[in-house]
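Each reported figure results from applying straightforward, stated rules to the coordinates on display, with no laboratory input. Because the structure is a prediction, the values reported are computed rather than measured. Please note: Cβ atoms are built from the backbone with ideal geometry, for glycine as well, and neighbour counts cover all protein chains shown.
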Amino acid sequence: MEVRKAKLSDIKYIYKLILYFSKKGDVIPRPLAELYESVREFFVCEDRDLIVGACSLHILWEDLAEIRSLVVSEEYHRQGIGSKLIEACLKEAKELGIPKIFVLTTSPDFFKKFGFKEVHKQELPQKVWADCIKCSKFPECDEVPMLLELNQN
């Protein structure tokens, strides 16, 4: 299995994964056009020419980015794919010089393994919540805001 930057030919597979998990309420749905526009944000995990996972590093400002749309095919759960995708996003964030990364998640324990800490949503800029309107859980959100401050050394 290989983690790599997404290509345009991967977008339809990423879309299907996100659509599946958005129907379960695990991630926010993303329109196909939005995924094509943000292809450079995505990493994918490929197993024998099959896209089995994806994750996005979405830059919001000079000092803040979000890890979002983390999806892994159910038959590939518990194989470390999610961790590899998060590590790829964090590596790129460091390379870009982004000091703070946040996530909104229903799996805080998973992100704690990478050093993310739970924060109050008021600690994040209001712009962060723009995608929430697209969510089926809005305004009764069960996601936990978490923040990681990267050591830039």
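In this structure, the residue pairs whose Cα-Cα separation is over 26 Å, taken from LYS5/LYS121; LYS16/LYS112; LYS24/LYS112, are LYS5/LYS121; LYS16/LYS112.
Rank by packing, highest mean first: peptides 8-14, 98-104, with packing defined as the count of other Cβ atoms within 10 Å averaged across residues. Don't skip to the end; give the middle numbers.
Numbers: 8-14: 16.1, 98-104: 20.4.
The densest-packed peptide leads the list: 98-104, 8-14.
Considering only LEU96, LEU85, LEU17, the Gaussian network model of the chain with Cα springs below 10 Å gives its largest mean-square fluctuation to LEU96.
What the pair-distance distribution of the stretch 2-149 shows, using all Cα-Cα distances binned every 5 Å from zero, is 2, 10, 20, 24, 23, 15, 6, 1, 0 percent.
Its Cα centre serving as origin, the stretch 7-78 has a Cβ charge dipole (Lys and Arg +1, Asp and Glu -1) of approximately 300 debye.
Assuming charge only on the beta carbon of Lys and Arg (+1) and of Asp and Glu (-1), the dipole of the chain about its Cα centre is about 160 debye to the nearest 20.
Quick one: length gained pulling GLU143 to GLU2 fully straight, 0.36 nm per residue minus the C-alpha distance?
Details: separation 141, 0.36 × 141 = 50.76 nm, distance 2.90 nm.
Computed gain between GLU143 and GLU2 is 47.9 nm.
Gap in Å between the Cα centre of the stretch 1-50 and the Cα centre of the stretch 59-107? The stretch 59-107 and the stretch 1-50 have Cα centres separated by 13 Å. So for the stretch 2-149, taking the charge dipole from beta-carbon charges (+1 Lys/Arg, -1 Asp/Glu), which of TYR13, PRO31, GLY115 sits furthest toward the positive end? The listed residue farthest towards the positive side: TYR13.
Can you compute the FRET efficiency between LYS23 and GLU62 using 1/(1 + (r/R0)^6), with r the Cβ-Cβ distance and R0 = 25 Å? Round to the nearest 0.05.
Working: r = 35 Å, r/R0 = 1.40.
For R0 = 25 Å, the calculated efficiency reads 0.10.
Full extension of the segment from TYR76 to GLN122, taken as 0.36 nm per residue of separation minus the current Cα-Cα distance, would add 13.1 nm.
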